[in-house]
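Colleague: Can you keep this structure in mind? I'll have questions shortly.
The values are calculated or read from the model by the stated rules, or taken from the named source; none is laboratory data. Values in this document were obtained by computation on a predicted structure and should not be read as measured data. When we count neighbours, we look across all protein chains shown, and the Cβ atoms used for this are built from the backbone with ideal geometry, even at glycine. What goes into the accessible areas is simple: the full protein's heavy atoms, side chains included, and nothing from ligands, DNA or RNA. Shrake-Rupley method; radii C 1.70, N 1.55, O 1.52, S 1.80 Å.
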Amino acid sequence: LSNIAAAIGRGQLTVLGGRVARRRAIFDHYVKRLGTLPGIAFMPEPAWDRGNCWLPCITVDPALAGFDRGTLRLALERENIESRPLWKPMHLQPVFAGCPAYVGGVSESLFTRGLCLPSGTGMSEEDLERVMDGGMYTVLKRAAVRLLDFKNFRLATSERLKEASLREAVEHQRPIQY
(Lines give C-alpha, C1' and ligand atoms only; values in the text may rest on other atoms or scores of the structure.)
Protein backbone atom coordinates (compact mmCIF):
# COMPACT_ATOMS: atom_id res chain seq x y z
CA LEU A 1 0.00 0.00 0.00
CA SER A 2 1.52 3.27 -1.04
CA ASN A 3 1.62 6.34 1.23
CA ILE A 4 -0.88 8.14 -1.01
CA ALA A 5 -3.33 5.23 -1.02
CA ALA A 6 -2.99 4.97 2.78
CA ALA A 7 -3.70 8.70 3.15
CA ILE A 8 -6.79 8.49 0.95
CA GLY A 9 -8.01 5.46 2.91
CA ARG A 10 -7.46 7.23 6.21
CA GLY A 11 -9.36 10.27 4.96
CA GLN A 12 -12.27 8.05 3.95
CA LEU A 13 -12.50 6.62 7.46
CA THR A 14 -13.77 9.99 8.71
CA VAL A 15 -16.91 9.71 6.53
CA LEU A 16 -17.37 5.94 6.73
CA GLY A 17 -19.98 6.03 9.51
CA GLY A 18 -22.18 8.47 7.60
CA ARG A 19 -21.94 6.46 4.40
CA VAL A 20 -22.84 3.21 6.13
CA ALA A 21 -25.77 4.96 7.87
CA ARG A 22 -27.02 6.22 4.48
CA ARG A 23 -26.72 2.77 2.91
CA ARG A 24 -28.65 1.28 5.84
CA ALA A 25 -31.35 3.94 5.40
CA ILE A 26 -31.66 3.05 1.70
CA PHE A 27 -31.86 -0.65 2.56
CA ASP A 28 -34.50 0.06 5.23
CA HIS A 29 -36.52 2.06 2.69
CA TYR A 30 -36.54 -0.88 0.27
CA VAL A 31 -37.47 -3.32 3.03
CA LYS A 32 -40.31 -1.05 4.18
CA ARG A 33 -41.71 -0.72 0.66
CA LEU A 34 -41.05 -4.24 -0.68
CA GLY A 35 -40.48 -6.50 2.31
CA THR A 36 -44.08 -7.64 2.75
CA LEU A 37 -44.73 -8.41 -0.92
CA PRO A 38 -45.13 -12.06 -1.85
CA GLY A 39 -42.12 -13.50 -3.63
CA ILE A 40 -39.69 -10.69 -2.66
CA ALA A 41 -37.00 -11.46 -0.09
CA PHE A 42 -33.99 -9.61 1.28
CA MET A 43 -30.73 -10.97 2.62
CA PRO A 44 -31.38 -11.66 6.31
CA GLU A 45 -29.05 -10.19 8.90
CA PRO A 46 -27.62 -12.48 11.55
CA ALA A 47 -28.79 -11.91 15.10
CA TRP A 48 -25.20 -11.41 16.27
CA ASP A 49 -24.23 -8.50 13.97
CA ARG A 50 -25.34 -5.91 11.42
CA GLY A 51 -24.29 -5.61 7.79
CA ASN A 52 -23.24 -2.39 6.11
CA CYS A 53 -25.94 -2.79 3.42
CA TRP A 54 -23.45 -1.73 0.79
CA LEU A 55 -25.45 -3.37 -2.00
CA PRO A 56 -29.13 -4.04 -1.30
CA CYS A 57 -30.23 -7.14 -3.15
CA ILE A 58 -33.57 -8.88 -3.43
CA THR A 59 -34.51 -12.32 -4.62
CA VAL A 60 -37.64 -12.76 -6.67
CA ASP A 61 -39.63 -15.98 -6.55
CA PRO A 62 -41.61 -15.84 -9.82
CA ALA A 63 -44.19 -18.37 -8.62
CA LEU A 64 -45.14 -16.10 -5.71
CA ALA A 65 -44.37 -12.64 -7.14
CA GLY A 66 -45.96 -13.11 -10.56
CA PHE A 67 -42.83 -11.84 -12.36
CA ASP A 68 -39.16 -12.68 -12.50
CA ARG A 69 -36.10 -10.57 -11.73
CA GLY A 70 -35.44 -10.06 -15.45
CA THR A 71 -38.84 -8.47 -15.96
CA LEU A 72 -38.23 -6.17 -13.01
CA ARG A 73 -34.73 -5.25 -14.20
CA LEU A 74 -35.98 -4.37 -17.69
CA ALA A 75 -38.84 -2.28 -16.29
CA LEU A 76 -36.36 -0.32 -14.17
CA GLU A 77 -34.06 0.05 -17.18
CA ARG A 78 -36.93 1.55 -19.24
CA GLU A 79 -37.19 4.21 -16.54
CA ASN A 80 -33.40 4.81 -16.73
CA ILE A 81 -32.91 3.18 -13.31
CA GLU A 82 -29.87 0.96 -13.06
CA SER A 83 -30.10 -2.44 -11.44
CA ARG A 84 -28.30 -5.66 -12.22
CA PRO A 85 -28.41 -9.38 -11.57
CA LEU A 86 -26.36 -10.77 -8.71
CA TRP A 87 -22.87 -11.81 -9.73
CA LYS A 88 -22.62 -14.85 -11.94
CA PRO A 89 -21.09 -17.74 -9.97
CA MET A 90 -17.45 -18.42 -10.81
CA HIS A 91 -18.09 -22.00 -11.91
CA LEU A 92 -20.48 -20.68 -14.59
CA GLN A 93 -17.90 -18.27 -16.03
CA PRO A 94 -16.59 -19.37 -19.46
CA VAL A 95 -12.99 -19.30 -18.25
CA PHE A 96 -13.81 -22.04 -15.72
CA ALA A 97 -15.79 -24.27 -18.11
CA GLY A 98 -14.69 -27.84 -17.61
CA CYS A 99 -13.07 -27.18 -14.22
CA PRO A 100 -14.20 -29.15 -11.18
CA ALA A 101 -16.86 -27.37 -9.14
CA TYR A 102 -18.31 -28.40 -5.81
CA VAL A 103 -21.73 -26.81 -5.77
CA GLY A 104 -25.13 -27.43 -4.28
CA GLY A 105 -27.37 -25.12 -6.32
CA VAL A 106 -27.47 -22.14 -3.95
CA SER A 107 -25.25 -19.84 -6.01
CA GLU A 108 -27.13 -20.70 -9.22
CA SER A 109 -30.46 -20.01 -7.53
CA LEU A 110 -29.28 -16.67 -6.18
CA PHE A 111 -27.93 -15.69 -9.60
CA THR A 112 -31.18 -16.66 -11.32
CA ARG A 113 -33.47 -14.91 -8.82
CA GLY A 114 -31.30 -12.10 -7.42
CA LEU A 115 -31.33 -8.42 -8.34
CA CYS A 116 -29.11 -5.64 -7.00
CA LEU A 117 -31.01 -2.39 -6.41
CA PRO A 118 -29.64 1.17 -6.70
CA SER A 119 -27.95 2.23 -3.47
CA GLY A 120 -25.45 5.04 -3.93
CA THR A 121 -24.96 7.20 -0.85
CA GLY A 122 -25.75 10.22 -3.02
CA MET A 123 -29.31 9.00 -3.66
CA SER A 124 -31.92 11.44 -2.43
CA GLU A 125 -35.32 10.52 -1.04
CA GLU A 126 -36.71 11.66 -4.40
CA ASP A 127 -34.39 9.16 -6.15
CA LEU A 128 -35.62 6.36 -3.90
CA GLU A 129 -39.24 7.21 -4.63
CA ARG A 130 -38.44 7.29 -8.35
CA VAL A 131 -37.07 3.74 -8.11
CA MET A 132 -40.23 2.61 -6.32
CA ASP A 133 -42.77 4.58 -8.32
CA GLY A 134 -41.11 4.13 -11.70
CA GLY A 135 -40.31 0.67 -12.96
CA MET A 136 -41.08 -1.12 -9.68
CA TYR A 137 -44.63 0.17 -9.54
CA THR A 138 -45.29 -0.82 -13.15
CA VAL A 139 -44.11 -4.40 -12.66
CA LEU A 140 -45.75 -4.81 -9.26
CA LYS A 141 -49.08 -3.46 -10.54
CA ARG A 142 -49.07 -5.80 -13.53
CA ALA A 143 -48.08 -8.74 -11.33
CA ALA A 144 -50.95 -7.96 -8.96
CA VAL A 145 -53.40 -7.89 -11.88
CA ARG A 146 -51.98 -11.15 -13.20
CA LEU A 147 -52.23 -12.83 -9.79
CA LEU A 148 -55.77 -11.52 -9.35
CA ASP A 149 -56.66 -12.82 -12.82
CA PHE A 150 -55.14 -16.16 -11.85
CA LYS A 151 -57.13 -16.25 -8.61
CA ASN A 152 -60.37 -15.58 -10.52
CA PHE A 153 -59.40 -18.17 -13.13
CA ARG A 154 -58.70 -20.71 -10.39
CA LEU A 155 -62.04 -20.07 -8.70
CA ALA A 156 -63.89 -20.47 -12.00
CA THR A 157 -62.18 -23.73 -12.85
CA SER A 158 -61.45 -25.34 -9.48
CA GLU A 159 -62.29 -28.88 -10.65
CA ARG A 160 -59.88 -28.65 -13.58
CA LEU A 161 -57.15 -27.22 -11.38
CA LYS A 162 -57.35 -30.18 -9.07
CA GLU A 163 -56.03 -32.24 -11.98
CA ALA A 164 -53.66 -29.70 -13.54
CA SER A 165 -50.35 -28.47 -12.22
CA LEU A 166 -49.82 -24.84 -11.28
CA ARG A 167 -47.59 -24.43 -14.33
CA GLU A 168 -50.33 -25.60 -16.68
CA ALA A 169 -52.79 -23.19 -15.10
CA VAL A 170 -50.43 -20.25 -15.51
CA GLU A 171 -49.82 -21.17 -19.17
CA HIS A 172 -53.55 -20.74 -19.83
CA GLN A 173 -53.47 -17.14 -18.60
CA ARG A 174 -53.78 -14.41 -21.17
CA PRO A 175 -50.41 -12.82 -21.96
CA ILE A 176 -49.52 -9.65 -20.10
CA GLN A 177 -47.89 -7.02 -22.30
CA TYR A 178 -45.03 -5.16 -20.65
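Colleague: Under 5 Å between amide hydrogens, which residues at least 5 positions from ARG84 or on another chain qualify, with H placed 1.01 Å from N in the peptide plane?
Modeller: When sequence neighbours closer than 5 places are left aside, the close amide H contacts are CYS116.
Colleague: In terms of solvent-accessible area of protein heavy atoms at a 1.4 angstrom probe, what is the ranking of GLU125, GLU108, highest value first? The partial results should precede the final answer.
Modeller: Details: GLU125 105, GLU108 50 Å².
Putting GLU125, GLU108 in descending order of accessible area: GLU125, GLU108.
Colleague: If each residue of separation counts as 0.36 nm, what is the full-extension length gain between ASN52 and ASN80 once their alpha-carbon separation is subtracted? Each step should come with its number before you reach the end.
Modeller: Working: separation 28, 0.36 × 28 = 10.08 nm, distance 2.60 nm.
Value of the extension gain: 7.5 nm.
Colleague: Using a 1.4 Å probe, how large is the accessible area of ASP28, given in Å² and rounded to the nearest 10?
Modeller: Here the accessible area works out near 80 Å².
Colleague: How compact and how long is region 1-57, expressed as Rg and Dmax of its alpha-carbon atoms in Å?
Modeller: Values for region 1-57 (Cα only, Rg and Dmax): 15.5, 50 Å.
Colleague: For region 34-143, restrict the atom set to alpha-carbon positions and state the Rg and Dmax in Å.
Modeller: Over region 34-143's Cα set, Rg and Dmax evaluate to 15.4, 47 Å.
Colleague: Another question, then. Can you list the HN-Hα couplings for region 38-51, worked out from phi with the Karplus curve (6.51, -1.76, 1.60; θ = phi - 60°), rounded to whole Hz and with x for Gly and Pro?
Modeller: Karplus values, whole Hz, x for Gly and Pro: x, x, 10, 9, 10, 5, x, 9, x, 5, 8, 6, 10, x.
Colleague: Distance in nm between label sites at ALA101 and MET43, each 7 Å beyond Cα in the beta-carbon direction?
Modeller: Distance between the two pseudo-spin positions: 2.0 nm.
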